[in-house]
Amino acid sequence: MKFKQKNLVYLVIGLISAIFILETIFSFNGIKTIRFYKETDLITQPLSSDYEQFSKGNFSGYECSSYNLSVFLDEDTSTVAGNLTVDYYNDDPINFTQIPFHIYASGMRYDHRPGYIEILNVTTLEDPKEELAFDFLNSSQLMWVNLTSDLEPGNRTSFIISFNTTLPDGGIDRASDHGEDLDENRIFKFASCYPLPCVYDKFDGWNIDPYLLTGDPFYYDMAYYDLIVNVPENMTVAATGELIDQVTIDNRTINHYNPHLPVREVTFSASRYFEVETFLIPDINATVSTYFLSQSYWLWHDFALMVTIYAGELFYNTLGIYPYSTFNVVQEYTYYGGMEYPLQVYASTAADTHQYPEWYLETVIVHESAHQWFYNLVGFDQVDWGFLDEGIVCWLTDWFKDVFHPDWGIFDPYWGLYDVRHYSLEHGLPNKINQSVPDCISSGTDYWYLGYTKTNTILEKLRQTITHTNFIEGLELFFQDHYFEIAGLKDLQNAFETVVGESLDWFFFPWFDNPYLPKYEFVNVKYDAMNQLINITIRDVNEALNQYSYSQLIPISIYSSGSTLEYFGYEWINGTTSIIIHIEKLPTRVRLNYDDFVLVQFADYNLNYLQTTNIILIDEVIPVIDILSPPQNEEFGKNAPSFEISIIEIDLDSTWYTIDDSVNNYTFSGLTGTIDQNAWNDSPEGNITIEFYAKDTSGNIGYADIVVVKNIEEMVIFSYNTIFYIAFICLISIISIKTFKKLKNQPF
Ligand SMILES: [Zn+2]
């Protein structure tokens, strides 16, 4: 099925812009002060690898070691006899007198027959062959080949190691012979079980760690490989590289494989019962093949191939070029889900019996396929930085699911959030990501959790912080910048910093190097009523246990009485932090919401927030009283006057009045009332001052007064009738006087 990149719907989850205006000062008891400053200059980092050249398969001018591995499988004895022809190139800056090889097979798990590699001899190439001395240390699964002369930087040396590998039984580990011919399910798996050249680096010198049952204890340089696999006739072989020749002689088939370009190691698997399905992906120009037992046809047929193609297309188009011509997904017996090797990965038969077989098989195939980008093409010291490629690959697998199964809502919310938040509650243990597998083992740190849950969850937090586009660009840059090289955590950080143009120390140091997540508490919360400001001080109680202070955006809610939300916003909490927010109403509750992508150490399974009602009120504001009635100088008789006032105060405690200069105080509630009648009766006539008081909870007392007049004498009351009556009397009087005058003026 053809897969089209342009049809992909990429979820862009970018809650926060990539603008970090951050100048945080972290200190703890004066012991440490780690400051992260916002970078003022853009970080620019040119591509240092030869991605453009290498991705075209052009390695001219590039020297590396070459290995020709020729093996012969004996199915009766479960052994693989082999010759490894070594053409070792010293690309390190010192002289070598010995070259170490891992001899891992004896470190692997088994049921009854342990794995073992017997070294038969080491000789020079030229005839007559000379034997080279070697030291074989089975306890540390190591052999040292002693060179006859110093190997100087830039020089090469050659020899042949003859060995015989006994495959462990049980189908538990990376190499095995498991299954039954009778049941038509027997598979031979030859992986990590030939003499594997150790890596010399500036950190450790020779990396000679023994096989580890925790993690993938592998670390290899890129080298040219040629692989010849001699198996009984009618056996199907899956192996690293392109099958360039196949001949059958005397009931044996000799298969010749070559990856053409450098790889980190090779592997093969053989079975008489493999079914094979193949598809050439035109865009990538690579042939994808699946190898599986007939018993798993119902699950693998088409489905495994389709998932592999989809995964390959997604990673090819977003991260960078897969330059090889083949890629195999091979069914295996194991403890775990699958295992990555260059150009060939394995997926466990455990999918067949899983509750969700398709989900399980898809997860394994996508995960192991992603390792082609982050394990083979970009290499890692998986002993010292094992979490790095695993975390990236786990995240890529989840992203694949998000792209192809948006209805699964894999990031909504991300499944790792719950595990990481509750890890301490569940296990009572710290978990620092940035440590080696042996350190994890000695410190009792759960490597599986840190590599396959915590790292990818932190990466998802990074994506939420720097936006999806920047995150994918960062992974792409990281991949292309270290193409065919070895990379570490700092390189990953550099790639993201280059994309966002800012230092990300504040993110990487605490989240990768601290053993404990932040655990916040409110130190104090004060409300300044005068300025209407709430000052919230939050402390990370785990700060003393960690090397670096955390910075993260946390949603904060502030409520007033009646659970009225007065404020909601995101605030940077940088270790112990004080934040000041303008709030008009008296706050009664402050809450840090542990949702979105806030990462904290949960103290409770059900409580996804931290809140306090303990808010200290700093109130120097005197209550303001305004008397609405009675009006000034109003006269009153026997009946006491009523009143109405207003009060401006956020936290009123009590109100009272007096009409006798505080000889007697009368408390009241509300804003209206009537002056006490007895007090009024007792007051003398004349001017009376009514004094109102209002006190807040901080003890501030507001005051206002008004003068009224008490006058209990009968007052003349002019009614309309009275006015008419008086007017009538006057009228009569005037008429009478005029009549009298007329009479007076007449002659008698
Ligand atoms: Zn993995």
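Normalised by residue number, the volume inside the convex hull of the Cα atoms of the range 113-265 is 164 Å³ per residue. Applying 1/(1 + (r/R0)^6) with r as the Cβ-Cβ distance of SER654 and GLN611 and R0 = 25 angstrom yields a FRET efficiency of 0.25.
Just check the range 285-422 against the gyration tensor rule for me: Cα atoms, a ≥ b ≥ c as the square roots of the eigenvalues, rounded for a/c under 1.5, and otherwise prolate or oblate depending on whether a/b exceeds b/c. Here the range 285-422 falls in the rounded category. Shown is the FRET efficiency for LEU533 and ARG113, computed with R0 = 60 Å from the Cβ-Cβ distance and rounded to the nearest 0.05: 0.20. For the pair the range 227-287 / the range 333-398, the C-alpha centres are spaced 21 Å from each other. Note: relative contact order over the chain, using C-alpha pairs below 8 Å and six or more positions apart, is 10 percent. The range 643-707 and the range 72-150 have Cα centres separated by 101 Å.
Using packing as a proxy for protection, rank 681-694, 450-463, 471-484 so that the peptide with the highest average count of other Cβ atoms within 10 Å comes first. If you can, show how the numbers build up before the last one.
Numbers: 681-694: 14.5, 450-463: 24.0, 471-484: 22.3.
Sorting 681-694, 450-463, 471-484 by mean packing, highest first, produces 450-463, 471-484, 681-694.
In a Debye calculation with equal point scatterers on the alpha-carbon sites of the range 548-606 and no solvent, what is log10 I(q)/I(0) at q = 0.14, 0.27 Å⁻¹? Those come out to -0.45, -1.17, one per q. The equivalent ellipsoid of the range 520-618 has semi-axes of 23, 15, 11 Å, largest first, where each one is the square root of 5 times an eigenvalue of the Cα gyration tensor. One chain, two ends: ASP513 and ILE172. Fully extended at 0.36 nm per residue, the span grows by 119.5 nm beyond their Cα-Cα distance. For the chain, the 222 nm mean residue ellipticity estimated from helices alone, with every DSSP H stretch of n ≥ 4 adding -39500 (n - 2.57) and the total spread over all residues, rounds to -6500 deg cm²/dmol. Could you tell me how many degrees, from 0 to 90 and to the nearest 10, lie between the Cα long axis of helix 455-466 and the main elongation axis, the longest principal axis, of the Cα atoms of the chain? Taking Cα atoms only, the helix is inclined about 50 degrees.
When Rg is the radius of gyration of the Cα atoms in the range 195-336 and Rh is its Kirkwood radius, what does Rg/Rh come to?
On the way: Rg = 17.1 Å, Rh = 17.2 Å.
Dividing the radius of gyration by the Kirkwood radius yields 0.99.
Backbone N atoms of the range 349-363 closer than 18 Å to the 7 Å Cα→Cβ label point of TRP448 belong to residues 349-356, 360-361, 363.
Normalised by the number of residues in the range 520-618, the average gap of Cα pairs under 8 Å and 6 or more apart makes the relative contact order 33 percent. Across q = 0.05, 0.11 Å⁻¹, the chain modelled as identical point scatterers on its alpha-carbon atoms has Debye log10 I(q)/I(0) values of -0.41, -1.19, in the order of the q list. Label-to-label distance for ASP183 and HIS582 is 7.4 nm, based on points extended 7 Å past Cα in the beta-carbon direction. As an equivalent ellipsoid, the range 624-710 spans semi-axes of 23, 13, 10 angstrom, where each value is the square root of five times an eigenvalue of the C-alpha gyration tensor, largest first. Taking 7 Å steps out from each Cα toward its Cβ at GLU152 and TRP572 produces label points 5.5 nm apart.
Would you mind checking the pairs LYS56/LYS202; LYS401/LYS454; LYS56/LYS454 and listing those with alpha carbons more than 28 angstrom apart?
Numbers: LYS56/LYS202 30 Å; LYS401/LYS454 18 Å; LYS56/LYS454 36 Å.
Beyond 28 Å between Cα atoms: LYS56/LYS202; LYS56/LYS454.
None of the figures in this text is laboratory data; all of them are computed from the coordinates on show. Remember, it's a predicted structure, so these values are computed and weren't measured experimentally. Counting neighbours? That spans all protein chains shown, and the Cβs are built from the backbone with ideal geometry, glycine included.
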